[in-house]
1. Using just the alpha carbons, could you tell me how many Å³ per residue the convex hull of region 1-129 encloses?
2. Stretch GLU250-LEU309 to full length: gain in nm at 0.36 nm per residue minus the Cα-Cα span?
3. Give me, ordered by chain and number, the residues 5 or more places off VAL63 or on other chains with an amide H under 5 Å from its own placed amide H.
4. Against the 2.2 N^0.38 Å scaling, with N counting residues, where does region 275-319 land? I'd like the Cα-based Rg ratio to two decimal places.
5. How much length would be gained if the chain were fully extended between ILE149 and ALA29, taking 0.36 nm per residue of separation minus their Cα-Cα distance, in nm to one decimal?
6. Hey, what's the per residue convex hull volume over the C-alpha atoms of the chain, in cubic angstrom?
7. When 1/r is averaged over all different Cα pairs and the result inverted, which Kirkwood radius in Å belongs to region 154-289?
8. Taking the beta-carbon count within 10 Å as an exposure proxy, list THR168, THR247 from fewest neighbours to most.
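Each reported figure results from applying straightforward, stated rules to the coordinates on display, with no laboratory input. Treat the numbers as computed from the prediction; the structure is a model and nothing was measured. Heads up, the Cβs are rebuilt from the backbone with ideal geometry, glycines too, and the neighbour counts pull from every protein chain shown.
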Amino acid sequence: MTSFWQGRRVVVTGGAGFLGRVVVSRLQAAGAEVAVPRSRDYDLTVPGQAERLLADTQPSHIVHLAARVGGIGYNQAEPAPLYLSNLLMGTYVIEAARTAPSVEKTVLLGTVCSYPKFTPVPFREESLWDGYPEETNAPYGIAKKAHLIHAQVNAAQYGQRFAYLIPTNLYGPGDKFHPAVSHVIPARIKRCVEAKEQGEQKMDVWGTGRASREYLYVDDAAAAIVLAAEHYDGTEPVNLGTNREVTIRETVELIAQMVGYDGELVWDPTKPDGQPRRRVDPGRAEELFGWRAQMPFEDGLRNTIDWYLANRAEAEREP
Ligand SMILES: NC(=O)c1ccc[n+]([C@@H]2O[C@H](COP(=O)([O-])OP(=O)(O)OC[C@H]3O[C@@H](n4cnc5c(N)ncnc54)[C@H](OP(=O)(O)O)[C@@H]3O)[C@@H](O)[C@H]2O)c1
């Protein structure tokens, strides 16, 4: 740990969220003074709020994590706010950061959902613009990807400094388990636990199970964000992943086994699989700022299940 963060002021938008809370504790542990704006006090989809936030907090660094985020069901149900809220929040934060005198650098979080539906595996950053994203991910993925262009043109024209990171699917303790917004891992942990408790003989699962995902433990993602904020100053996007591809079928079977659910898994191919395959090349992150994911998937999954079982009310609260 360097002394870089000692006494620095950092704003973490979305700092009360799943990833945000881990980023905030890491920054605080490194000596930073961290402001966590809540949406009820600073609604970042409203013009002028990002400027007011930066005037109130005077940060040297911004980590912009505030977003509307959910799993495949949420993406299907709420495409309009997923597009517009995410686009507006990032746009306002980038512009406010550009003109705020105290701000040295802004870290922006992209998403693996921005990649084209059929990207060669492993996804390399150069492929980001080679096609349209998988349809259910497109409103969210395109809004997020627009922030990269915004930051790049501001860097070219005004010298604004930023880092743009593209994590794969996050998971870990503190994740959201409410069905309205949960991603595949928390959704399946909750269903397997309930199916076991209720003695269900069968459990329905969306899709064919053949699609693959790459899961990144939330602490690994937070470590990358803090490292990039300190050390990475380029204008190219950087993937964050583990280099391990897991099919949805393997994911659900592993969760069922860890939870102790031994009923039959009934796959429903009429429901969408989402993007067919996902695994990113994480080489650039190691090369540019020395980051590599540490958490083995099975251990991270165990921690997530244990946290859920110990914190069910908090985990399942309404978004
Ligand atoms: N989760 C994943 O799998 C994943 C994968 C790739 C990238 N990411 C990116 O990582 C970041 C964090 O994701 P997460 O899963 O931690 O999300 P999260 O738990 O849903 O947290 C998002 C936070 O955004 C804030 N927010 C939402 N609308 C806002 C608004 N209008 N104004 C101000 N703040 C607002 C909320 O603050 P309040 O609590 O105050 O309302 C919330 O705490 C996002 O940028 C996301 O796109 C996530």
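1. Details: hull volume 17.7 nm³, N = 129.
It is 138 Å³ per residue.
2. Extending this stretch completely gives an extra 19.1 nm.
3. VAL11, VAL12, THR13, VAL107
4. Scaled against compact globular proteins, the figure is 1.68.
5. Value of the extension gain: 40.0 nm.
6. That works out to 123 Å³ per residue.
7. About 16.8 Å for region 154-289.
8. THR247, THR168
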